[in-house]
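The values are calculated or read from the model by the stated rules, or taken from the named source; none is laboratory data. None of the values given here were measured: they were computed from a predicted structure. Using ideal geometry, Cβ is built from the backbone for each residue, glycine included, and neighbour counts are taken over all protein chains shown.
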Amino acid sequence: MRTIREILLTEYIGAILIGVLIADAFSNLFTIVTEQITYYSFFVQHDLPATPFRASYRQSILNGAIRIVLFLASSYLLAHWLYKNTRLGENQSNAVAPEER
């Protein structure tokens, strides 16, 4: 596991993967919003009968929300696993010990 972590850190693959997961969560959010706009602008006005080929709008919201939560949770856990020893704004190689200040 340490070698995998080192590879993900040194090759920036981990940062790219975290970015892709967050971008996918935002694209799912955009998809949910556009589906709801489409549903309320077309299907509600035309009073079409329910067909087995068209999913309900509540089901699409639930599916999208679950995907968003899973993508954000996995990106958070991956970021926490990769960068747990580093702090924001602090570079470990340039850190000065308190006695040397």
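Of all the residues in segment 27-62, those that are at pLDDT below 65 and among the basic types (Lys, Arg) number 1.
Taking segment 1-14, which residues are part of a helix (DSSP H, G or I), among the hydrophobic types (A, V, I, L, M, F, W, C) and free of Cβ contacts under 8 Å to residues at least 40 places away in the same chain? Walk me through it before giving the result.
Of the residues in segment 1-14, the ones part of a helix (DSSP H, G or I) are 2-10, 13-14.
Checking the rest, the ones that are also among the hydrophobic types (A, V, I, L, M, F, W, C) come to 4, 7-9, 13.
Hits for segment 1-14 are Ile4, Ile7, Ile13.
Given the criteria under 30 Å from Ile37 (Cβ atoms), outside any helix (DSSP H, G or I), at pLDDT below 85 and of a type in the set (Val, Ile, Thr), does Thr86 qualify? For Thr86, the condition - under 30 Å from Ile37 (Cβ atoms), outside any helix (DSSP H, G or I), at pLDDT below 85 and of a type in the set (Val, Ile, Thr) - is not met.
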